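**Student:** The structure's right below; bear with me while I get my questions together.
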Amino acid sequence: MQTSKGHKGGALNYPRFKLTVNNLLNERKDIIVSSLIDFFRLQTDFPQYQPALDIVSKVDRVSFLEAAISEDITNPRFIPYIQLHEFEGLLFSDSEAFRILIGTDPSILLSIEIIVGEALNPELINDGQETAPSKRLQALFPGYKKVLHGASLAQIIGIRTIRDKCPRFNEWIEKLLTALH
């Protein structure tokens, strides 16, 4: 769905999101609709947003929000998913893939491994203004372009590796696969 002019991401308000999801589900009975929304910039108008902020565990917080969305959009063909931080966090699943950006600079590869090691898994990489995964990538690779390099890195890493390293993402994929059968 279009989230901004030119489909380049941006703010996604809940009323428009809900309307679009419901329209898709009503137009076609042979589809499953899901979301891939970054929690980091989630708008405050999403269901149960304020109570969710009281949940200390960020994993539990986004699971709570997904459940609230699911309760509001009551269709079994809708599977909400909120990416704990940014999509770019998933790219930290395999430091070797970054060689396409840096060549063989071992100090940058070591920096990536340290970032992942500090977070326990790629999905938990900090979501602060300057420590968000995309900001870290831009700091390590000054020419980093989210769309171009992000897609290339994801393709090189592969869905299996990302699923193996990112439990929430894997859980979402499992839900999608189950819904397809």
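The values are calculated or read from the model by the stated rules, or taken from the named source; none is laboratory data. Just so you know, these numbers come straight off a predicted model, no measurement behind them. Note that we place each Cβ from the backbone using ideal geometry, even for glycine, and neighbour counts take in every protein chain shown.
**Student:** Which condition breaks for Glu86 when tested against (1) surrounded by fewer than 17 Cβ atoms within 10 Å (Cβ to Cβ); (2) modelled with pLDDT under 95; (3) in contact with a strand residue (DSSP E or B) (Cβ under 8 Å, 6 or more places away or on another chain)?
**Tutor:** (1)
**Student:** What residue, of Ser93, Ser134, is buried (at least 18 other Cβ atoms within 10 Å of the Cβ), modelled with pLDDT under 95, assigned by TED's automatic domain parsing to the domain that holds Arg160 and under 26 Å from Arg16 (Cβ atoms)?
**Tutor:** Numbers: Ser93 fails: under 26 Å from Arg16 (Cβ atoms).
That would be Ser134, the only listed residue that is buried (at least 18 other Cβ atoms within 10 Å of the Cβ), modelled with pLDDT under 95, assigned by TED's automatic domain parsing to the domain that holds Arg160 and under 26 Å from Arg16 (Cβ atoms).
**Student:** Now, a different point. Out of all the residues in segment 144-160, is one or more surrounded by 18 or more Cβ atoms within 10 Å (Cβ to Cβ) and of a type in the set (D, E, K, R)?
**Tutor:** no
**Student:** Here is a further query. Can you tell me which residue within segment 150-181, out of those that are farther than 21 Å from Asn121 by Cα and part of a helix (DSSP H, G or I), is modelled with the lowest pLDDT? Walk me through how you get there before you give the answer.
**Tutor:** So in segment 150-181, the residues farther than 21 Å from Asn121 by Cα come out as 176-181.
Within this subset, residues satisfying the condition of being part of a helix (DSSP H, G or I) are 176-180.
Numbers: Leu176: 94, Leu177: 94, Thr178: 93, Ala179: 90, Leu180: 85.
Taking the candidates together, the pick is Leu180.
**Student:** If you don't mind, another one. Collect the residues in segment 34-56 that are loosely packed, with under 14 Cβ neighbours inside 10 Å and hydrophobic (A, V, I, L, M, F, W, C), keeping them in residue-number order.
**Tutor:** Leu36, Leu53, Val56
**Student:** Does Ile31 count as at pLDDT below 85 and surrounded by fewer than 19 Cβ atoms within 10 Å (Cβ to Cβ)?
**Tutor:** Numbers: at pLDDT below 85: no; surrounded by fewer than 19 Cβ atoms within 10 Å (Cβ to Cβ): yes.
Against the criterion (at pLDDT below 85 and surrounded by fewer than 19 Cβ atoms within 10 Å (Cβ to Cβ)), Ile31 does not qualify.
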